[in-house]
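Structure first, commentary second.
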Amino acid sequence: MLTVVSDLFPISAPASGRLCCLDDQHPAFVHNRIFGNGPLLDVAGNQIVAPFSAVVDDISASGDYIRLRHPSASVLTLILGDGRCFQQHPALVRQVKRHQQVQKGDVLLNLNQSLLRASDPQQRRLAVLLEPAPTLPDSFHWAESGAISLLDSIIFDDKQENS
C-alpha cells in the first residue's frame, strides 16, 4: 500500500493560474467538502491536464466536471466554475471521455480564455478536490496561495513526507 501512496503524492497542478482564498462566494461543494478537500485555482492557461495516471470515472457533457480515479482508489475531482454547466459550455472542449485511461500530462480539457474571461469570474475558478482512498489516511496538504504552473507546481503533498 505504501507504494501506491508514494505513487499518488506529490500531485502536480492540472492547470496554470493563481490560487484563490476561500470566501463566501465560492460554491457550496467547496465549503462543504462534498467531493473532498483542496484549493481553488483562478485558471490562466488554455488546458487542464491529468496530474497523474488515472481512469476518467466521470465527466460532464460540457467538461466542467471531471473525476479521475488513481490506482490507489483515491479520487481527484476537478470542477470548473460553479458546476451548473453540465450540458454545454462554449469555452470548454472535452478531450477525454468516461472510462478512458489517461496518463500524467494528457489533456483533459481545452479552454478558450477569451470566452472564460468574458463571463462571470467564478466560471474560471477550478476546484481541485482530493478524496483519499478509504484505506489511506487523510494525511495530505495542499498549496494555499501563489502562482501555479501546469505540472510544474505541486498542488497536493503527503504530510508524512514533510514531517
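Odds and ends about this structure:
- Segment 5-44: number of residues that are among the β-branched types (Val, Ile, Thr), outside any helix (DSSP H, G or I) and either modelled with pLDDT of 70 or more or under 20 Å from residue 146 (Cα atoms) (or both): 2
- Filter pass, residue 136 being within 16 Å of the chain's Cα centre (by Cα) and either modelled with pLDDT of 90 or more or under 16 Å from residue 52 (Cβ atoms) (or both): no
- Number of the exception - residue 136 against (1) over 17 Å from residue 35 (Cβ atoms); (2) outside any strand (DSSP E or B): (1)
This table checks each residue for (1) of a type outside the set (Ser, Thr, Tyr); (2) at pLDDT below 95.
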{"position": "102", "(1), (2)": "yes, no"}
{"position": "107", "(1), (2)": "yes, no"}
{"position": "111", "(1), (2)": "yes, no"}
{"position": "115", "(1), (2)": "yes, yes"}
{"position": "119", "(1), (2)": "no, yes"}
{"position": "124", "(1), (2)": "yes, yes"}
{"position": "130", "(1), (2)": "yes, yes"}
{"position": "149", "(1), (2)": "no, no"}
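- Count - residues of segment 84-108 that are farther than 17 Å from residue 38 by Cβ and not in a loop (DSSP other than H, G, I, E, B): 6
- When residue 2 is tested against (1) surrounded by 13 or more Cβ atoms within 10 Å (Cβ to Cβ); (2) modelled with pLDDT under 95; (3) more than 14 Å from the chain's Cα centre (by Cα), only condition (1) is not met.
Condition check ((1) modelled with pLDDT of 95 or more; (2) surrounded by fewer than 20 Cβ atoms within 10 Å (Cβ to Cβ)) across all residues:
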site: 53; (1), (2): yes, yes
site: 57; (1), (2): yes, yes
site: 63; (1), (2): no, no
site: 69; (1), (2): yes, yes
site: 73; (1), (2): no, yes
site: 82; (1), (2): no, yes
site: 85; (1), (2): no, no
site: 92; (1), (2): no, no
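The values are calculated or read from the model by the stated rules, or taken from the named source; none is laboratory data. Predicted, not measured: the structure shown is a model, and the values here were computed from it. Note that we place each Cβ from the backbone using ideal geometry, even for glycine, and neighbour counts take in every protein chain shown.
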